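Below: one structure, written as structure tokens.
The values are calculated or read from the model by the stated rules, or taken from the named source; none is laboratory data. Keep in mind that this is a model prediction, so the values were computed, not measured. Glycine gets a Cβ as well: all are built from the backbone with ideal geometry, and neighbour counts include every protein chain shown. These accessible areas exclude ligands, DNA and RNA; they are computed on the full protein's heavy atoms, side chains included. Shrake-Rupley method; radii C 1.70, N 1.55, O 1.52, S 1.80 Å.
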Amino acid sequence: MSQVLSWARPEIVALKPYEHAAWDPSLVRLHANELPWRAPTDSSRVGLNRYPEPQSHALVTRLASLYGVRAEQVLVGRGSDEGIDLLTRAFCRAGSDTIVICPPTFGMYAVAARIQGAGVSSVPLVAERGFVLDVEALLAAVTATTRLVYLCTPNNPTANSLDPAAVTRVLDALADRALVVIDEAYIEFARAASRAQELDARPNLVILRTLSKAHGLAGARVGAVLASPEIIGLLRKIIPPYALTQLTIEAALAALVPAQLVISGERIQIILRERQRLSAALDQSRLVRKVWPSDTNFLLVEFHDAAEAFELARRAGLIVRDVRGQLGLANALRITVGTPEQNDRLIAGLA
Ligand SMILES: *Cc1c(COP(=O)(O)O)cnc(C)c1O
């Protein structure tokens, strides 16, 4: 057994997965107790009367080519959230195993761990130096029970990318100790490149990607785990067989054809320009103490009085994210970059 599988829960490694109905589109399906007719309202391409193909070959192949990896290195699920949930359940024994997070960061890592009964160890990012990783403290926090170490880059809600050299140090140091899960939800908006090309060289590397942000499909719920074939094989055993609906599979495939990728590329450029413009405008506001540099499609903004700013935005008909409850963000709001008109409204509202 490979070393990474020795870190997984033994009962999951030994699990015999549910055997879904065989998938052979060339045969008429009389084996899954489906109705032979579509619902009259069904406008899907292949018909919602049929169960969807588990781990849709077309979608997995498309995502593999988009991310520059092999199909056997891809698990497609209901957003990165499902990837986080599956990793936690596959690797963390309730009551004994732990994860390490670097707050302030995405909340789902800790929530998934708590649902599973796993421990959560926190190693804060260093705010004074621009929310950088404290590599020494992080490595010191990893123990024999640590299974997953989450690095979110670019990070939500601080908007910065982690220093690639620091991430490399963590990957190297933990090569024989734990999985390092790099959440690249915002990588399309960042200057830094994805680490997906390192999967073959690093068996302990796991990457999370999503179609929710740059591809505009948050409502469809599609994300991918990229990892070694061993890890992907393990996660395929525990993901519900029909996790993605047929509608979702069709929506994702339609959004990933070359012509659509050109459009999403253009939209990313608009967001990057607007990010710059919004950041400069907020910087001029007397309400603002600091606009943090952003490698994402949002800005972390520190106000003199965040409650007041939140209320002014609300009066302009805009809801922004109150992140004041998060570690070290006592007077901050997280503001998504919108259309030029929406950003104008925010700027006017806070003027
Ligand atoms: C938005 C976001 C995701 C995406 O989650 P989905 O379940 O794919 O929608 C993942 N990670 C981070 C850090 C995010 O901010």
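For region 41-104 and region 201-242, what is the separation of their C-alpha centers, rounded to whole Å?
Result: 4 Å between the Cα centres.
Show Asp322, Asp97, Asp176 ordered by accessible area, largest first, where the area counts protein heavy atoms only and the probe is 1.4 Å.
Ranked list, largest accessible area first: Asp176, Asp322, Asp97.
Using only Cα atoms, find the angle between the long axis of helix 79-91 and the longest principal axis of the chain, and express it within 0 to 90 degrees, rounded to the nearest 10.
Approximately 70 degrees, to the nearest ten.
Taking the chain as the reference, fit the longest principal axis to its C-alpha atoms, fit the long axis of helix 306-315 to the helix C-alpha atoms, and give the angle between the two in degrees, 0 to 90, nearest 10.
70
What relative contact order, as a whole-number percentage, does the chain give when Cα pairs under 8 Å and 6 or more residues apart are counted?
Value for the chain: 18 percent.
For the chain, with every protein chain kept in place, what is the accessible area per residue (1.4 Å probe, Å²)?
Ligands and nucleic acids excluded, the result is 46 Å² per residue.
Computing the accessible area with a 1.4 Å probe over protein heavy atoms, can you report the carbon and sulfur percentage for the chain?
56
May I ask for the angle, rounded to the nearest 10°, between helix 340-349 and the longest principal axis of the chain, with both axes built from Cα atoms and the value confined to 0 to 90°?
With rounding to tens, the tilt is 40 degrees.
For region 137-265, with only Lys/Arg (+1) and Asp/Glu (-1) charged at the beta-carbon, what is the dipole magnitude about the Cα centre, in debye rounded to 20?
200
May I ask which residue of Ala39, Pro54, Thr98 lies farthest towards the positive end of the charge dipole of region 19-152, with charges of +1 (Lys, Arg) and -1 (Asp, Glu) on Cβ and the Cα centre as origin?
Working it through, the farthest residue towards the positive pole turns out to be Ala39.
Only four residue types carry charge here, +1 at the Cβ of Lys and Arg and -1 at the Cβ of Asp and Glu. Report the dipole size of the chain about the Cα centre in Debye, rounded to the nearest 20.
It works out to roughly 360 debye.
Please list Arg275, Arg78 from largest to smallest accessible area, probe radius 1.4 Å, with all protein chains kept in place.
Arg78, Arg275
What percent do you get for the relative contact order of region 148-238 when only Cα pairs under 8 Å and 6+ apart count?
After rounding, I find 24 percent.
Of the options Thr153, Leu234, Tyr186, report the single residue whose Cα projects farthest towards the positive end of the charge dipole of region 142-259 (beta-carbon charges: Lys, Arg +1; Asp, Glu -1).
The one lying farthest along the dipole's positive direction is Leu234.
What's the local net charge at Ile115, with K and R +1, D and E -1, over the other residues with C-beta under 11 Å away?
+1
Once Rh for region 50-158 is found with the Kirkwood sum over Cα pairs, what is the Stokes-Einstein diffusion coefficient at 10 °C and 1.306 mPa s, in µm²/s?
For these conditions, the coefficient is 102 µm²/s.
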